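**Student:** The structure is given below, and queries will be raised subsequently.
The values are calculated or read from the model by the stated rules, or taken from the named source; none is laboratory data. Small disclaimer: the values here were computed from a predicted structure and weren't measured. FYI the Cβ positions are ideal-geometry reconstructions off the backbone, even for glycines, and counts take in every protein chain you see.
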Amino acid sequence: MRIGIVGGGAVGLLTAAYFCGDHDVTIYTRRNEQAEKLCTHGLTVICGNERTTHRVHAEPFVREIEEEMLFIAVKQYDLANILQTRIHMLQANAIMFLQNGMGHVSYLPHVPHHHIALAVVEHGALKIDDTTVSHTGVGQTKWSVWRGEKEAFSFLSSTNNRFPFQYVDDWEAMLLEKLMVNVAINPLTALLRVPNGMLVTHEPYRQAMKQLFQEVASVFQLEQRERIWKHIETVCRQTAANRSSMLRDIESGRKTELDAILRYVIERANERGVPAPISTFLYALVKGKQLEGEKER
Ligand SMILES: NC(=O)C1=CN([C@@H]2O[C@H](COP(=O)(O)OP(=O)(O)OC[C@H]3O[C@@H](n4cnc5c(N)ncnc54)[C@H](OP(=O)(O)O)[C@@H]3O)[C@@H](O)[C@H]2O)C=CC1
Ligand SMILES: CC(C)(CO)C(=O)C(=O)O
C-alpha cells in the first residue's frame, strides 16, 4: 500500500519505521533539509539495544500529495494551518490523525476524505535527530473511525508486534480519556518541572492533580471517574522517569500543545457554564512560562 506520513517528528518517524518494511512509505517533512537527510542516510529506529536503519523515501510537503493512506503526525498547533489552508493538497482514500488533545475534532467536518480515523498513540517516542527516533516505550495505538468504514484501515490488523493498533468503537471516549491523562499530567509537570512519577509520589502534587482532575471531570460529566483516575495514576507510575512532552517543550523554549489540551477544556467549560478556576489559573501560568521561553529563544 502507498502510505504517506505528514510530519517527520517523533511519532511520524516511528510510524514510518514500522510500516516501511511492508509498504511503500513516503515521509512528508516541513524542511527540505530533513527530507534530503532521510533519503541519503535512511531512517534509524532505536528500541532497547537494537538499532535498525531502513531505506525510506522523503520529500518536503510543498505540493499536492496523492497516496492511498495518509497519517498526519504534526503537532496540534501546526495541524490547524494544514487543515485550514492545505487540506486540498492531501489526496488519499483514507486519513488518520495521530494528535494528542481534541482541538482537531472541530475541523473534521471540513475534511473531504471518505474515510477518516482518529488515533491515540500510547508509545513513547523521542526524536534524536532528523533521521533517528528512539522507541522509548512500547505501547499501542488505539484508533477509531470518525467517518467512513473501518475496512478502509484493514491493513492495521497485521502490523509489527512492537507497533500494534487496537480498534475501539467510541472515538469520543477514546480521545477524552487521553485528554484527561494529558490534562492531569502535562501542565503540572511543565509548571513544576518534575518527571511524571513525582505527581503520584509527592503527596501535595498528587492532591493538586486530583483537584484538577475532578474539575475537568465535571466539565465533561465524565463517566467511570474512578477507573480513569486510577489509569492516570498508573500512567504516572509507568512513565515515572519521563519528562512529559509539555515539560520538554517548555525546557527547549518551544511552543506547547497547551491550547489543544487545557484551553480546549476551558472553552468547553465556558460553553457549558461550568466553573473551571483551577484550569484557568493553570493555563495562565503555563502559557506565561511558554511565552517567556519563546522570547528567550
Ligand atoms: N512523542 C510522543 O511520544 C507522543 C506524541 N503524541 C502526539 O503526536 C503528535 C506529534 O507529536 P511528535 O511527533 O512528538 O511531535 P514533533 O514535534 O516531534 O514532530 C512534529 C513534526 O511535524 C513537522 N511539521 C510541522 N509542520 C509541518 C508541515 N506543514 N508539513 C510537514 N511537516 C510538518 C515538524 O517539522 P520540523 O521538525 O521541521 O518543525 C516536526 O518534525 C502530537 O500531537 C503529540 O502530542 C502522542 C503520544 C506520544
Ligand atoms: C502520557 C504522557 C503524559 C507521557 O509523558 C504524554 O502523552 C505526554 O508526555 O505528552
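**Student:** For the condition more than 23 Å from the chain's Cα centre (by Cα) and either of a type in the set (Phe, Trp, Tyr) or within 16 Å of ligand 1 (Cβ to nearest atom) (or both), what is the one hit in 297, 263, 272, 243?
**Tutor:** 297
**Student:** Quick check on my filter: what residues within region 238-253 are within 8 Å of ligand 2 (Cβ to nearest atom) and either among the hydrophobic types (A, V, I, L, M, F, W, C) or farther than 15 Å from residue 10 by Cβ (or both)?
**Tutor:** 246, 247
Yes or no, residue by residue, for (1) assigned to a strand (DSSP E or B); (2) of a type in the set (A, V, I, L, M, F, W, C); (3) more than 16 Å from ligand 2 (Cβ to nearest atom):
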position: 146; (1), (2), (3): yes, yes, yes
position: 151; (1), (2), (3): no, no, yes
position: 161; (1), (2), (3): no, no, yes
position: 173; (1), (2), (3): no, yes, yes
position: 176; (1), (2), (3): no, yes, no
position: 179; (1), (2), (3): no, yes, no
position: 184; (1), (2), (3): no, yes, no
position: 188; (1), (2), (3): no, yes, no
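**Student:** Here is a check on your reading of the model: is residue 112 assigned by TED's automatic domain parsing to the domain that holds residue 164 and either under 20 Å from the mean Cα position of the chain (by Cα) or surrounded by fewer than 15 Cβ atoms within 10 Å (Cβ to Cβ) (or both)?
**Tutor:** yes
**Student:** Find the residue count for region 148-157, including only residues that are crowded, with 16+ Cβ neighbours inside 10 Å and not hydrophobic (A, V, I, L, M, F, W, C).
**Tutor:** Looking only at that region, the number is 1.
**Student:** Hand me the list of strands (runs of 3 or more DSSP E) wholly inside region 9-91 holding 2 or more residues that are away from ligand 1 (no atom under 14 Å from the Cβ).
**Tutor:** So the answer is 24-29, 50-54, 65-72.
**Student:** Under the condition of being farther than 16 Å from residue 20 by Cβ and assigned to a loop (DSSP other than H, G, I, E, B), which residue from region 131-144 is farthest from the chain's Cα centre (by Cα)?
**Tutor:** Restricting to residues being farther than 16 Å from residue 20 by Cβ and assigned to a loop (DSSP other than H, G, I, E, B), the top hit is 138.
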